[in-house]
Amino acid sequence: MKFADIVAGRRFQLGPVRVEEEEVIDFARRYDDQWFHTDPEAAERGPFQGLIASGWHTCALAMRLVSREILQGSESFASPGLSHVRWPHPVRPGDELTLEVVVHESRTSASRPTLGVVRWQWLMRNGHGTLVLDLEATSMFRLAAA
């Protein structure tokens with residue numbers, strides 16, 4: 001998809017992606033090895049009453065959907081960061097996640113006319129419709145010289 005197709009007000013529905021226990025544990029062992037992400041037996045006795053995915057894993061799943069379904073073939077080249085990221089509810093093995101992407105702003109930079117800027121919100125929900133990720137990102141796109 002091209003920058004010109006990513007306009008303010010546009011909404012994208014992406015996914016689903018299924019979360020497998022093995023993937024939760026593998027990601028956590030590599031990047032966020034807290035016991036409630038890596039040890040199913042201990043997690044059963046913990047505050048979440050079961051294994052949960054790292055919030056960073058949830059972000060990675062959202063990024064995979066956006067990169068494959070929106071950014072593939074685009075002029076996207078970087079992001080200066082996130083305005084916020086929240087994990088209001090945990091992601092569990094067996095969850096099927098969908099992502100709604102809402103474009104809040106899409107513009108050409110006033111100071112750099114070869115730079116497109118998109119500000120968008122990513123809302124990920126599990127199969128029950130429960131919000132598990134809410135983030136706002138800014139993405140940059142390299143545009144042809146005017």
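The values are calculated or read from the model by the stated rules, or taken from the named source; none is laboratory data. Just so it is clear, the structure is predicted and the values come from calculations on it, not from any experiment. As a convention, Cβ positions derive from the backbone with ideal geometry for all residues, glycine included, and neighbour counts pool all protein chains shown.
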Original post:
In segment 90-129, how many are closer than 12 Å to Phe141 by Cβ, of a type in the set (S, T, N, Q) and assigned to a strand (DSSP E or B)?
Top reply: 2
Subject >> Given (1) touching a strand residue (DSSP E or B) at 6+ places or on another chain (Cβ under 8 Å); (2) surrounded by 15 or more Cβ atoms within 10 Å (Cβ to Cβ); (3) over 27 Å from Met140 (Cα atoms), index of the condition Arg18 fails >> reply: (2)
Subject >> Neighbours by Cβ (under 8 Å, 6+ apart or cross-chain): first from segment 32-45, under 11 Å from Glu21 (Cβ atoms) and aliphatic (A, V, I, L, M); second modelled with pLDDT of 95 or more and in a helix (DSSP H, G or I) >> reply: Ala43/Trp35; Ala43/Phe36; Ala43/His37
Original post:
Of the residues Leu65, Leu115, Leu82, which single one is within 14 Å of Leu133 (Cα to Cα) and surrounded by 13 or more Cβ atoms within 10 Å (Cβ to Cβ)?
Top reply: Leu65
Original post:
Looking at (1) outside any helix (DSSP H, G or I); (2) among the charged types (D, E, K, R); (3) under 22 Å from Met124 (Cα atoms), which is the one condition that is false for Glu23?
Top reply: (1)
**OP:** Answer yes if at least one residue in segment 14-22 is of a type outside the set (Asp, Glu), over 15 Å from the mean Cα position of the chain (by Cα) and modelled with pLDDT of 95 or more, and no otherwise.
**Re:** no
Original post:
Gly94 passes all but one of (1) on the phi > 0 side of the Ramachandran plot; (2) loosely packed, with under 12 Cβ neighbours inside 10 Å; which number fails?
Top reply: (2)
Subject >> Test result for Ala53, in a helix (DSSP H, G or I), touching a helix residue (DSSP H, G or I) at 6+ places or on another chain (Cβ under 8 Å) and without any contact (Cβ under 8 Å) to a residue 60 or more places away in the chain >> reply: no
**OP:** Give the residues of segment 38-62 that are surrounded by 15 or more Cβ atoms within 10 Å (Cβ to Cβ) and polar (S, T, N, Q), sorted by residue number.
**Re:** Thr38, Ser54, Thr58
